[in-house]
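Down below is the structure, laid out as structure tokens.
The values are calculated or read from the model by the stated rules, or taken from the named source; none is laboratory data. Since the structure is predicted, the reported quantities are computational estimates derived from the model, not experimental observations. We place every Cβ from the backbone using ideal geometry, glycine too, and count neighbours over all the protein chains shown.
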Amino acid sequence: MEGIKIKRIIVEPEAYSYPFTQRILKKLQGIQVCNKIENNSDIDYVPYDPKKDVLHLLIYKGDFLKPCPGTKEYICCKYQILNIATNCPLDCSYCILQAYFNHPYLRVFVNIEEGLKEVLKIIDSKKDEIFRVGTGEFTDSLALDPITEWSDILIPHFSSRKNVILELKTKTANIKRVLSLPYRERIIMSWSLNSPFICSHEEHRAVSLRKRIEAAAICQREGFVTGFHFDPLIIHKNWKEEYLKTIELMDKYLDPSKIIWISLGSFRYMPELKNIIIKRHKKSIVLNGEFIKGIDGKMRYFKPIRIELYSYMYENLSKWYNDLGLYLCMESDDVWSESFGWSPKDSNGLKRFLDNRVVKFYG
């Protein structure tokens, strides 16, 4: 696992009886194991020391399938999150998870196989509804896959169902386990992309932009549909030329006809994230833009700046290929119209647009 090292494992007592726990402990033999949280300070939220080298194995007692935590003020795609873990072993300077969760460690839920049964019951009970499900909202989908083997657990169940897709979103090149499985249907291999400068200066522990795109190209050749997410787009020096370099790299390696969608979103953050970025990522440039507080309480670029970002990306991606399923993440109807020349109008409209992309690719 490139750039990822586990130095300690915390196992809550009730987690020991799960086969998932035993498989991980067997894989990580020789690493210090603590049978419980050692003191109260360990479980306090320490935003300046998230302890990304500590694996915390525990039972999750909430719902494993939850709607994306969008806000009603903006158009949301009605994505469904499969909650398999929280916190991420990568360390992107702008990551909202630094301020979103009130606990440290890489928290992995050992009762995933039990939870998956309940999730599949929900999906099977609504056969006329298309479920777009992803694991990459609260952690990276593949960064820990060599340890957790989530791919082996999840992919067979989602690939065999006709009313669901599973999107695995990553900034890594950990595709080995996925490729070793015989399943291709309804599994979307997705990558978060950015400009070469942002990838190399702000997305710490992630693999390079080129390695991500090369991994995506391999997956396309192996029969997978792919997706991409430019979120967050960030204003920085020569940003137009920088993002054009990314599109040129995509053109060099990828078959655009095998891309189901590409999302665009601009950098936005909860106000409390600012001090965390300043303290943890002293060389970061992500806070250098002109921000205002949006109607959802998050800081975001002025509307004309966002429209310029989206319009530029939309124009240049559309020049490359005119059917990429481009959409905006958490934006208003007027920003959609001014940037793209059309709008889904509301969240239900965007869900229909993306559901139709699923039907186009998978029937």
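See the values below:
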item: Boolean, residue 170 is touching a Lys or Arg at 6+ places or on another chain (Cβ under 9 Å), surrounded by 17 or more Cβ atoms within 10 Å (Cβ to Cβ) and within 25 Å of residue 355 (Cα to Cα); result: yes
item: Test: residue in the range 76-87 that is surrounded by fewer than 17 Cβ atoms within 10 Å (Cβ to Cβ) and more than 25 Å from residue 15 (Cα to Cα); result: no
item: Failed item in (1) small (Gly, Ala, Ser); (2) on the phi < 0 side of the Ramachandran plot; (3) surrounded by 15 or more Cβ atoms within 10 Å (Cβ to Cβ), with residue 325 passing the rest; result: (2)
item: Residue match in the range 223-241 (condition: more than 23 Å from residue 309 (Cα to Cα) and part of a loop (DSSP other than H, G, I, E, B)); result: yes
item: Tally, over the range 288-303, of residues that are small (Gly, Ala, Ser) and part of a helix (DSSP H, G or I); result: 0
item: Among (1) of a type outside the set (D, E, K, R); (2) at pLDDT 95 or above; (3) surrounded by fewer than 17 Cβ atoms within 10 Å (Cβ to Cβ) - the single one residue 102 does not satisfy; result: (2)
item: Residue ID - nearest to residue 79 (Cα to Cα), chosen from residues in the range 304-363 that are of a type in the set (Gly, Ala, Ser) and part of a loop (DSSP other than H, G, I, E, B); result: 325
item: Contacts under 6 angstrom Cβ, first residue in the range 233-244 being in contact (Cβ under 8 Å) with a residue 40 or more places away in the chain, partner assigned to a strand (DSSP E or B), 6 or more apart; result: 233/266
item: Residue 215 vs. criteria at pLDDT 95 or above, of a type in the set (Gly, Ala, Ser) and closer than 22 Å to residue 79 by Cβ; result: no
item: Subset of the range 168-214 [β-branched (Val, Ile, Thr) and in a helix (DSSP H, G or I)]; result: 178, 198, 213
item: Tabulated pairs, the range 315-341, first farther than 19 Å from residue 297 by Cα, second at pLDDT 95 or above and in a loop (DSSP other than H, G, I, E, B), C-beta under 6 angstrom, 6+ apart or interchain; result: 317/324; 336/343; 337/343
item: Failed item in (1) more than 18 Å from residue 92 (Cβ to Cβ); (2) among the β-branched types (Val, Ile, Thr); (3) touching a residue at least 40 places away in the same chain (Cβ under 8 Å); (4) out of contact with any Gly (no Cβ under 7 Å at 6 or more places or on another chain), with residue 307 passing the rest; result: (3)
item: Subset of the range 143-167 that is of a type outside the set (A, V, I, L, M) and crowded, with 21+ Cβ neighbours inside 10 Å - its residue that is nearest to residue 79 (Cα to Cα); result: 167
item: Top-ranked residue of the range 110-142 - restricted to ones that are within 20 Å of residue 152 (Cα to Cα) and polar (S, T, N, Q), ranked as surrounded by the fewest Cβ atoms within 10 Å (Cβ to Cβ); result: 111
item: Hits in the range 245-263 (condition: surrounded by fewer than 20 Cβ atoms within 10 Å (Cβ to Cβ), part of a helix (DSSP H, G or I), without any contact (Cβ under 8 Å) to a residue 60 or more places away in the chain and of a type outside the set (A, V, I, L, M)); result: 245, 248, 252, 253, 258
item: In the range 264-283, the residues that are under 27 Å from residue 227 (Cα atoms), out of contact with any Asp or Glu (no Cβ under 6 Å at 6 or more places or on another chain) and crowded, with 16+ Cβ neighbours inside 10 Å; result: 264, 266, 267, 268, 269
item: Pairs, first over 16 Å from residue 112 (Cβ atoms) and without any contact (Cβ under 8 Å) to a residue 60 or more places away in the chain in the range 137-164, second assigned to a loop (DSSP other than H, G, I, E, B) and acidic (Asp, Glu), C-beta under 7 Å, six or more apart; result: 159/185; 163/129
item: Lone qualifier among 285, 277 - being among the β-branched types (Val, Ile, Thr) and part of a loop (DSSP other than H, G, I, E, B); result: 285
item: Tabulated pairs, the range 196-208, first closer than 20 Å to residue 235 by Cβ, second basic (Lys, Arg) and part of a helix (DSSP H, G or I), C-beta under 6 angstrom, 6+ apart or interchain; result: 196/245
